[in-house]
Every structure is written in structure tokens, then in C-alpha cells.
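Data first, discussion second: the structure below is written as C-alpha cells.
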Amino acid sequence: MALDSKVPKGPIKDKWTDYKNKINLVNPANKRHIDVIVVGTGLAGGSAAATLAELGYNVKAFAYQDSPRRAHSIAAQGGINAAKNYQGDGDSTYRLFYDTVKGGDYRSREANVYRLAEVSTNIIDQCVAQGVPFARDYGGLLDNRSFGGVLVSRTFYAKGQTGQQLLLGAYSAMNRQIARGKIEMFNRHEMLDVVIVDGKARGIIARNLVTGEIERHSAHAVVIGSGGYGNVYFLSTNAMGSNVTAAWKIHKKGAYFANPCYTQIHPTCIPRSGDYQSKLTLMSESLRNDGRIWVPKHLDDVKAIREGQKKPTDLSEEDRDYYLERRYPAFGNLVPRDVASRAAKERCDAGYGVNATGEAVYLDFAAAIERYGKEQAKINNIENASEAKIYELGQKIVEAKYGNLFQMYEKIVDENPYETPMMIYPAVHYTMGGVWVDYNLMTTVPGLYCIGEANFSDHGANRLGASALMQGLADGYFVLPYTIGDYLSDDIRTGEISTDTKEFEEAEKSVKETINFFVNNKGSKSVDHFHKKLGKIMWDKCGMSRNEQGLKEAIQEISDLRKEFWKEVSVPGGSEEYNEELAKAGRVADFLELGELFAKDALVREESAGGHFREEHQTPEGEAKRMKEFQFVSAWEYKGEPKDAVLHKEELVYENIEVKERSYK
Amino acid sequence: MNLTLKIWRQKDSNAKGQMVDYKVTEISEHMSFLEMMDVLNEQLVGKGEEPVAFDHDCREGICGMCSMYINGEAHGPDRGITTCQLHMRMFKDGDTITIEPFRAAAFPVIKDLVVDRGAFDRIQHAGGYISVNTSGNTQDANAIPISKHAADEAMDAATCIGCGACVATCKNSSAMLFVGAKVSQYALLPQGQVEAADRVQNMVAQMDLEGFGNCTNTGACEVECPKGISLDNIARMNRELMKAAVK
Ligand SMILES: Cc1cc2nc3c(=O)[nH]c(=O)nc-3n(C[C@H](O)[C@H](O)[C@H](O)COP(=O)(O)OP(=O)(O)OC[C@H]3O[C@@H](n4cnc5c(N)ncnc54)[C@H](O)[C@@H]3O)c2cc1C
Ligand code: SF4
Ligand code: FES
């Protein structure tokens, strides 16, 4: 099938407005007869479910957690972007569009990104109306901070818990519709397959995670908002249950999977401490507003620090290498994530890592504390303030800004980051790749939509900070509710979709077979054993930098591991009960297929772009080198084994932005 | 370190549960409590036994899933944290640790340490929202200035993660801190005023219906709340109730 992105004609500024004006609508009376399934209640799914219900559709929403409020979006810390230009610093829809396309290393679709920038301002209005308590200044107006890769201050935030507050906003909108009976919520349910009838998505098979019952649910359209697949690395900043299953199952039923190799490795996470480690913890990018990143200039200092003979605070300014400020004077510590992560890896690979494993750099707030302290002394008319007083005043400001992050760090690492610099290292955080969608957010299967992090989205090869929350809410509140109407307008006479058909029966049967296999297979190794092994292959060979040989090895190793998994996996307990190991087994089985496609995608993409860094393709200074001939989206069609997947290309055309070498110097 | 664990095992909501003893060895002080539980579960799976079921997801103190009652305290020793943020350095070699689910009539056990907190959701359905359409046709976000003080206070109330530690800690299994936090968030913001009276009445009515107990002001909930939700929120909710009654 040829890929059609269905981008409307016309100038980019008018595309969305004109399109909305002409789109088919479903009249309110008819919406009552149309059902929509939404899988996922994060920012994307939650906002979509609430809005669709409000429009009048009957929504069935699914989440594997015990409440929609606990979706992984809850963990987002730093903020959400919007081109409000409240700071009057030159922001505009075009600039947000431009920054996003450039930040994504010219690998995203112009029209989608422009629309995202366009609706971004609505999101903030909407959330404030819902009672989201964003941070404000003393005049009572909304406050902003800066994130990496941009030169304006456009990030709205609610302390270090922006995702939580936005999700609780979407959750509250859902609650209003649940109370009205317009959303039926299925908590602790996992979608295990999509059901296709006459070429259209017409329902799902889900497992009730409490009773183990396998259920059929029908609808006129199915929306997947199941989040990202970072957990293919086992260790990531994602929640433990985050998975690719919903996205992968629809891929196996015909939805193309795009750019799986585009993964974001976030520069500021707490370094790992041991083999027992179950997940990694992010320290929000907002910290780079005030924190300075460095390693010692001299290897003997590194050695002394590792051996505990010196403390970082013992090193004078001359003996420190603020390598981001050195390499990228224009953006300094606020370069985009991919650039910051690779720079940290470069220093650590060269032997400058500051902890026992050699995989950590410093994030230092001493300068910020001093700067804020002096400012406060001035504001409060304290003349000749002592160093201690300045420090005390400055610490208060830093605490007000980042208190919860500092506390989180201290609880985990057992060191006080006000007194000694934080130690950080890059970790897997976000996946730009995902299910391919057109301008309507529809996949290659009619009636099957994909939103939020689960789709291949608007971020190209690298996402800018605070843009995932923006995209999730844009998709769910403002884009999908329009575009899905155009499709559903054909369905007003269809009537309820029966689940008593051979398509549902077959899908259910195959789900049950897999489950029965797991609980009856008397293997010798736990699910986690395989997950950890997969994670190690991914991190070593498909991590921050990749090369041909490593990727070829990865493909072979993952394929072998998958075979072993299906022979040796052991799942205690039964199928008709609460069984976490069983749920995990299904998820890891899908990761084992995705992982191989991921490596294959990375192998085929013989260029460096954003988060995808091929060692063979770099500039003499070690920067990513893009190739004109790879200016396309890789959309993979499922054909059985991942090795047989067929590549389809969506060429990317840039009419409103000049494609340039991305420079942050 | 080596530890003895006494853990509540219960097959399903109908079964009778019991405490079972386990031993774990070579636990590092840098592990989180849940990583220690992973070690135990890996051990059990290795022996073909069923692992201990417990709720968890984010493992960074924000989703509110992890709900363990450890040595008689919700989320265990240490303050201002959830179970997933508890570290083994709070324990010492040879310790015996008792691990139970959050207990309350309104939180039935699903399995082992997993409980059903659906009652919290149903309270939110009763009024935990502002009736504004998500259409994008709202006024500009800066049209109504809100004092920083009120915004910050609303934010403090809004940080509740719905974990239920307050209920598990309270001898009456009262949910006043949880409900008070939500009522307060909206009561402090201009956007929340329009429906304030109905909201507080409906949410409290649902709370009573769910079988949560009364508040007798012991303050235990505030001490165990991982997010520092203060008792002021309960006082504010009571004021809101009074205001609603005279309306
Ligand atoms: C620690 C952290 C901090 C972050 N900080 C920021 C930030 O400051 N700014 C920013 O813009 N972005 C941030 N991000 C990224 C952002 O949070 C995510 O990309 C975004 O929240 C994803 O939202 P979502 O709705 O697509 O998916 P999620 O929030 O992950 O929701 C997925 C939903 O799908 C459900 N689900 C999954 N699989 C199934 C299944 N098989 N069956 C049924 N249900 C299923 C889950 O239950 C859940 O409800 C951060 C990410 C992390 C990890
Ligand atoms: S008030 Fe505190 S203890 Fe109670 S549910 Fe909220 S966060 Fe948990
Ligand atoms: S696992 Fe999310 S709060 Fe503990």
C-alpha cells in the first residue's frame, strides 16, 4: 500500500483551519449511536476520551492501572510548551514550529508540527479553565521557564509535577463524563488485540487483570494512546508497566510502525547503582536552566574523586571542564537532549566519569545559588551580605524552584545536592518512533487511530523538552476529536457492532492460546531474565551510538533470545486470576519482536539524525551527520518475523523551513 | 544485609489471608524497598512459586500505586515518601519486616498486597471536576489573574497522589484528607467557585456512601501523607460544607 499522509493543500498557516471548515461532521443525535474505544488514559487517551464523550460519542476507555489518574503521564516533571509569548521574548506559532522541526533534526512532517504549534496556546487556556494550578508570578499571571534547544521562555509548569497536574486535569474531565455515563471506564484491563472486520477496526480483545477474564469489546473506531516503548531497554525512566503491546498488536494487524530506532536518551538522570536496579529516575531538564554540567579537566582529579580522596567542591574553576559551555557557547547547558547526552557519553568514554562505574557527570548549582543569593540580598536591601547569608538566600530560591527534585535525588542517592553537585548520566526516556499515522492521526488501518507518544508523532528524530505533554493534549483535546468525526460520519447508519462474529472469535482464540501457552510452559527462566537480557543488548548496541556491526549482532542476538524465550520462559500461577507475571510475559514477548525491528531500522538508516547516531556518519567534530537521501519516514509493514518487515518510505518535504545543518554553537 | 519478611498472602478477595515468612539475603542498602521485593519475587519464581502481588508503576513517588503497610506504617518508616521511594538503608541487617496491604473496609484486598481503591475514583466522579467543555473555546489563560499565594496553595493541595495512605493510617479509615485536598484545590481557584457548593456536598456524600469513617482529628493522616497534604485542607473542606449548607 502506498503511504498517503493526507496533508491538506494550501498555505501551511491555513491548512488546519480550512480543513476543519470542510471536514464532515456527525450530528449530535447520531453521535449517540456511535461507540469509540480509547486504549490508554494518559494525557493523550484521557483527553481524547473526555472530549469524544463530551461531543456525544459513547466512549469505552481502558487502562492497565487501577485508575486513569495513574497513567505514566503522571510522572512528567518539567513542563509543557505553548507559543503564548506571554514573556514578550519573540515567541510565535512559527517559532515553535521551527524549533520543533529543527530540534527533531528535520525528520518530522511539517504540516503536523505546524498544527501542533497552532493549537498549543489553546491547551493552556483549556487547562487553566479546568483548574490546573500552573505556577504564577507575583502579579498573578502565568510563569514560564526555558527548556533545551530554544531561545525563548515558553514552558508552563506546575512545580516539578506538570504531568501530574495536566493528567489530573484530563482525569477530572473524564470524571465528569464518567458521572454522566458517557465514558465507561475499564481499569486494570489490558488490550491484547484489535479486531478488524471488513478491513476496519471494530473492537478489541482485553484481559481483565483482576479476574483474568478475556473480554470482547466492539466499537465503530478504536483509538490507541498507550504511550511509548522505552522499556524495550528494560531500564528507562518509564513506569514499570509501560509497554508496546497495544501498539505492537495493531502493527501485527496492519498498522505500519514508523522510525522505531528514534529513541530519546535523556541527559539528566540519576546514574545506575547496581544490578538489582529496576528503573532509572529522571531529573527534570528544567534543572539545566540553573545547573552547570561539568567533569574534571584532569584525569588525576577524576581518579582522586573516584577513590574518595577529593570532593568535587575541592576543585577550582580552572580544573573543571564545563564541556557543554565549551563546545556550544550559544546554547551552553541548554543544548537539545541528544546533543547533551552524547557529549556526556563522549567525556565518560574518554575516562572522565566521576563515579565508581565511570558513568556520571556533575550537575552543579553552586553558581546559581550564589547568583540568586546576591539578587535576593539586593531586593531585600541587605548590604555587605556575608557569603553564608548569600548562600542561604540563594538556596531558598533554588529550593522553591526545584525542591521536590532535590528531595527525590537525596532520597535515592543519599547525598545533599545543595552541598555537593548532583551526579547524572543519560538514560532512555522517550520514543519518537511509533505507529505511523496520517494527518488525521489514523493508522494504515481504517478506523484505527493512534495518539500521544504511541504514534510516530511530531518530534522527528529528537523531541524537545516539554513537547510531549503538548503533543499528547493537542492530539486528544483538539485534533483527533475533529478528524475522527470525518471518518465516523460514514458510520451513522451502521448500528451497534456485534461481538458475536467470527472475527472476534478468532482474535479471542489466538489471545487465549498465547495465554495458555505461558501458564503451561514449564520453562526454567523468569520473564525478567529475558527482559534484562534484551535490555542489555539494546543499550549496548542500539543505545546512544550505533554502528553497522553492532546492529547486525543485535538483530541476531535478539532473534536468538526470542527463540529461547518461547522455549524457556516460566510463568507461575494460572490464567484466570490476577497474575502479574503473565501480564509481563505478554509484554516482553512483544518487546522481543519490536527490539529486532528497532535494530533493523537503525541498520537501514545510514545517517545520523537526532537521537539516532551512527558512528559511521559524523562530522569531524563528532556531530551528527544527516544525509539528504534519508529525508523520509521509515514505515514498516508487518510480514511475520521482524526480519521480513517491508519498508515503506514517506518522503519529507520542507516548504516552510530551510533544511540546514543543525547547529547550537 | 539479610532480612526476614513477614508478608500478607491472600489468594483473592474471597480467600482468607495469612502472614507468611520469607528470608532474603545480600540486600544492598542502596536498593529501594520495591527492588528488595523484586529480589524476593525473582527467588519465588525461580522455585516455581507465585510471587507476591503488589501494586507499583512509576517507582518515583508520583503515581500513587504502591500501597504497602510496612512495620505498622503506611509507606513504611521515613517521612514524605511512598513505598517505592523507601530505601533499604532505613533497615539493618537481621531486621524482621512486616508487610501488609493498606487496610480499610472501603479498600478490599484483591490479592496479597494489592487493594481496590476504586472508591477514590467514585468520589471524584461525584464532583472532582470543573464543568468546562474541552473545546478550546475558553478565554485566554491570563484573563483572570490568580494571586501567587492562592495558586501555590491550590498546587499544594493538588499534589495528592491518591495513594490512600491517609485512609490506611486513620483508625477510623477516614478519607477526609484525600477529599479535603481535592475540594481545597478548586475552592482556592476562581474557576472552582461556580460549583463549589454542589461539589463539596456531592463528594462528601459519596465518601460516606463508600464506607469511609469519620474524622476525629487525630492528625495521623497528615503525618503519613507522602505529599505533605496538611490538615488545613480538612478544615477548609468543613468550612466549604458549612458555606454550602447555608446556601
Ligand atoms: C519521568 C518522565 C518525565 C517526563 N517529563 C516530561 C515533561 O516535563 N514534559 C513533556 O512534555 N514530556 C515529559 N515526558 C514525556 C511524557 O510524559 C510522555 O511522553 C507522555 O506523558 C505520554 O503520554 P501518553 O498519553 O501518550 O501515554 P501514557 O501517559 O504513557 O499513557 C499510556 C496509557 O495507556 C495505557 N496502556 C498501555 N498499554 C495498554 C494496554 N495494552 N491495554 C490497555 N491500556 C494500556 C496505560 O494504562 C496508560 O493509561 C516525561 C516522561 C517521563 C518518563
Ligand atoms: S492525602 Fe496524602 S495520603 Fe491521602 S491519598 Fe492524598 S497523597 Fe495519599
Ligand atoms: S510506584 Fe508510583 S508512587 Fe510508588
- Return yes when residue B:141 is facing chain A (nearest Cβ under 8 Å), touching a residue at least 40 places away in the same chain (Cβ under 8 Å), open to solvent by less than 20 Å² (accessible area, probe 1.4 Å) and not in a helix (DSSP H, G or I) and no when it is not. no
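Residue-by-condition table, conditions (1) under 30 Å from residue A:489 (Cβ atoms); (2) part of a helix (DSSP H, G or I); (3) within 16 Å of ligand 3 (Cβ to nearest atom):
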site	(1), (2), (3)
A:29	yes, yes, no
A:46	yes, yes, no
A:50	yes, yes, no
A:53	yes, yes, no
A:86	no, no, no
A:89	no, no, no
A:94	no, yes, no
A:98	no, yes, no
- Item | Residue satisfying condition, being touching a Lys or Arg at 6+ places or on another chain (Cβ under 6 Å) and at the interface with another protein chain (Cβ under 8 Å from one of its Cβ atoms), within set A:176, A:136 | A:136
- Message: List the residue pairs whose Cβ atoms are under 6 Å apart, where the first residue sits in segment B:43-61 and is at positive phi, the second is near ligand 3 (Cβ under 9 Å from one of its atoms) and among the hydroxyl-bearing types (Ser, Thr, Tyr), and the two are 6 or more positions apart or on different chains.
- Response: B:61/B:82
- Query: Has segment A:482-495 got at least one residue that is in contact with a Gly (Cβ under 6 Å, 6 or more places away or on another chain), within 14 Å of chain B (Cβ to nearest Cβ), farther than 19 Å from residue A:635 by Cβ and at pLDDT 95 or above?
  - Reply: no
- Quick one: how many residues across segment B:154-169 are among the small types (Gly, Ala, Ser), within 13 Å of the chain's Cα centre (by Cα) and either open to solvent by 10 Å² or more (accessible area, probe 1.4 Å) or more than 8 Å from chain A (Cβ to nearest Cβ) (or both)? 3
- Are any residues in segment A:556-595 under 24 Å from the mean Cα position of the chain (by Cα), over 17 Å from residue A:512 (Cβ atoms), open to solvent by 10 Å² or more (accessible area, probe 1.4 Å) and more than 14 Å from chain B (Cβ to nearest Cβ), and if so, which ones? A:593
- Item | Restricting segment A:641-665 to residues that are assigned to a loop (DSSP other than H, G, I, E, B) and aliphatic (A, V, I, L, M), the residue that is nearest to residue A:247 (Cα to Cα) | A:645
- Quick one: which residue in B:204, B:223 is open to solvent by 30 Å² or more (accessible area, probe 1.4 Å), more than 14 Å from every other protein chain (Cβ to nearest Cβ) and among the aliphatic types (A, V, I, L, M)? B:223
- Task: With respect to residue B:213, determine if the residue is away from ligand 1 (no atom under 16 Å from the Cβ), closer than 30 Å to residue B:141 by Cα and either within 17 Å of the chain's Cα centre (by Cα) or surrounded by fewer than 17 Cβ atoms within 10 Å (Cβ to Cβ) (or both).
- Result: no
- Query: Looking at residue B:100, is it away from chain A (no Cβ under 12 Å), among the charged types (D, E, K, R) and crowded, with 18+ Cβ neighbours inside 10 Å?
  - Reply: yes
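Picking from A:236, A:218, A:284, A:226, which residue would you name as being at pLDDT below 95 and hydroxyl-bearing (Ser, Thr, Tyr)?
A:284
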- What pairs come up if the first residue lies in segment B:106-121 and is at the interface with another protein chain (Cβ under 9 Å from one of its Cβ atoms), the second is within 16 Å of ligand 1 (Cβ to nearest atom) and of a type in the set (A, V, I, L, M), and their beta carbons are under 9 Å apart, counting only those six or more places apart or on different chains? B:110/A:210; B:111/A:210; B:114/A:210; B:116/A:210; B:121/A:178; B:121/A:185
- Applying the selection to segment A:187-199, what residues are crowded, with 20+ Cβ neighbours inside 10 Å and outside any loop (DSSP other than H, G, I, E, B)? A:189, A:190, A:191, A:192, A:193, A:194, A:195, A:196
- Those residues that are touching a residue at least 60 places away in the same chain (Cβ under 8 Å) and either open to solvent by 20 Å² or more (accessible area, probe 1.4 Å) or assigned to a loop (DSSP other than H, G, I, E, B) (or both), I need them from segment A:625-640; list them, please. A:626, A:631, A:637, A:638
- Note on the structure: Of (1) assigned to a helix (DSSP H, G or I); (2) without any contact (Cβ under 8 Å) to a residue 12 or more places away in the chain, residue B:134 fails just (1)
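The values are calculated or read from the model by the stated rules, or taken from the named source; none is laboratory data. Here the structure is a predicted model, which is why all the values come from computation and not from measurement. Note that we place each Cβ from the backbone using ideal geometry, even for glycine, and neighbour counts take in every protein chain shown. Side chains included, ligands, DNA and RNA excluded: accessible areas come from the protein's heavy atoms. Shrake-Rupley method; radii C 1.70, N 1.55, O 1.52, S 1.80 Å.
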